[in-house]
Amino acid sequence: MKARVHIMLKTGVLDPQGEAVRHALGSLGFDGVNSVRQGKVIELDLADGTDEATINDMCERLLANTVIESYRVEIL
């Protein structure tokens, strides 16, 4: 069983990497990019039958910093 966890900074949290990407895109001539938010994706290869509650516990305890990040679990 596979799961994918999408992690993004919460709205209102400064994203310096996203801002650097936005600036670089402008420098390369890509006009009209008003903002960029950068996140991360973690793919997990899990034992069959692993429930979503267990995956959420993994996110809460290790994978995401829930003070400044939100996450979404996708079962593949």
In whole Hz, what ³J(HN,Hα) sequence does the stretch 61-76 give by Karplus (6.51, -1.76, 1.60; θ = phi - 60°), x for Gly and Pro? 8, 9, 6, 10, 8, 5, 5, 10, 10, 10, 9, 9, 9, 10, 8, 9
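Nearest 20 debye, what's the magnitude of the dipole of the chain about its Cα centre given +1 on Lys and Arg Cβ and -1 on Asp and Glu Cβ? Each step should come with its number before you reach the end.
Numbers: 8 positive and 12 negative charges, 60 e Å.
In debye, rounded to 20, the chain gives about 280.
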Starting from the Cα-Cα distance between Leu46 and Thr11, subtract it from 0.36 nm times their residue separation and give me the gain in nm to one decimal. 9.6 nm
Identify which of the listed values of P(r) over Cα pairs in 5 Å bins from 0, in percent was calculated from the structure shown: (1) 3, 15, 22, 16, 13, 12, 10, 6, 3, 1; (2) 3, 10, 7, 7, 7, 6, 7, 6, 7, 7, 8, 7, 6, 5, 4, 2, 0; (3) 3, 13, 15, 14, 12, 11, 11, 8, 6, 4, 2, 0. (1)
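Before rounding to the nearest 500, sum -39500 (n - 2.57) across all DSSP H runs of length at least 4 in the chain and divide by the residue total; then give [θ] at 222 nm in deg cm²/dmol. Intermediate results must be reported in sequence, preceding the final value.
Details: 2 runs with 19 residues, N = 76.
When only DSSP H runs of four or more count, the value is -7000 deg cm²/dmol.
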Per-residue SASA entry for Leu14, accessible area with 1.4 Å probe, Å² rounded to 10: 150 Å²
Taking the alpha-carbon centre of each part, the distance from the stretch 44-76 to the stretch 25-42 in Å is 26 Å
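What is the gain in length, in nm to one decimal, between Val36 and Glu69 on full extension, counting 0.36 nm per residue of separation less the C-alpha to C-alpha distance?
Numbers: separation 33, 0.36 × 33 = 11.88 nm, distance 1.55 nm.
Taking 0.36 nm per residue and subtracting the Cα distance, the gain is 10.3 nm.
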As I understand it, the value is the acute angle between the Cα axis of helix 16-27 and the longest principal axis of the Cα atoms of the chain; what does it come to in degrees, rounded to 10? 40 degrees
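The values are calculated or read from the model by the stated rules, or taken from the named source; none is laboratory data. Everything numeric in this text was worked out from a predicted model, so none of it was measured. Here the Cβ is made from the backbone with ideal geometry for all residues, glycine too, and neighbour counts use every protein chain on show. Side chains included, ligands, DNA and RNA excluded: accessible areas come from the protein's heavy atoms. Shrake-Rupley method; radii C 1.70, N 1.55, O 1.52, S 1.80 Å.
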